[in-house]
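These notes are about the structure you will find just below.
The values are calculated or read from the model by the stated rules, or taken from the named source; none is laboratory data. Every value quoted in this text rests on a predicted model; they were computed, and no experiment measured them. Here Cβ is always computed from backbone atoms with ideal geometry, including for glycine, and neighbour counts include all displayed protein chains.
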Amino acid sequence: MVSFQETDENVTFFDQLGSDHPGPVVFMNTFHVSPAEVEEFLAAWTADGEFMKKQPGYISTQLHRGIGGSTTFVNVAMWESVTDMRKAVSQPEFQASMANYPPSATASPHLFEKVSVEGICGS
């Protein structure tokens, strides 16, 4: 089963899920897993990804892996709203899937919004 570590010590992921933030959000989740359990992790993540693709408000996701033999993964997903994501992660099927992750897996989930910085990144 995956264990969780907060990304931000001031605002928990569950606090974020409880918000009524308007508009789209970017979900980022950093995973760490032992080298021996990478395949088990990928199988669990793939099953969760298939589930999420079917949920209302889901836009897209990408999984990234650190290079050079790293066993750190970053999931970057887009959702139409916090409400949509909250409904998806609250589903009993998704909650039960946490048991499919290998014992070494840790996750650090957090929600973000796009920031516009004039002249560097647009809106």
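Tabulated values for the structure
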quantity: Among (1) among the hydrophobic types (A, V, I, L, M, F, W, C); (2) closer than 21 Å to residue 12 by Cα; (3) surrounded by fewer than 17 Cβ atoms within 10 Å (Cβ to Cβ) - the single one residue 73 does not satisfy; calculated: (3)
quantity: Complete set of residues in segment 70-90 that are in contact with a helix residue (DSSP H, G or I) (Cβ under 8 Å, 6 or more places away or on another chain) and either over 14 Å from residue 37 (Cβ atoms) or part of a loop (DSSP other than H, G, I, E, B) (or both); calculated: 71, 75, 77, 79, 82, 85, 86, 88, 89
quantity: Set 33, 89: member being touching a residue at least 60 places away in the same chain (Cβ under 8 Å) and under 28 Å from residue 115 (Cα atoms); calculated: 89
quantity: Residues (of a type in the set (Val, Ile, Thr) and surrounded by 12 or more Cβ atoms within 10 Å (Cβ to Cβ)) located in segment 12-49; calculated: 12, 25, 26, 30, 33, 38
quantity: Any hit, segment 13-32, residues being at pLDDT 95 or above, more than 15 Å from the chain's Cα centre (by Cα) and among the aliphatic types (A, V, I, L, M); calculated: no
quantity: Residues being assigned to a helix (DSSP H, G or I) and either surrounded by fewer than 14 Cβ atoms within 10 Å (Cβ to Cβ) or modelled with pLDDT under 95 (or both) - total across segment 99-112; calculated: 1
quantity: Residue within segment 50-58 that is crowded, with 17+ Cβ neighbours inside 10 Å, of a type in the set (Asp, Glu) and either assigned to a helix (DSSP H, G or I) or modelled with pLDDT under 95 (or both) present; calculated: no
quantity: Tabulated pairs, segment 97-123, first without any contact (Cβ under 8 Å) to a residue 40 or more places away in the chain, second in a strand (DSSP E or B), C-beta under 9 angstrom, 6+ apart or interchain; calculated: 115/121
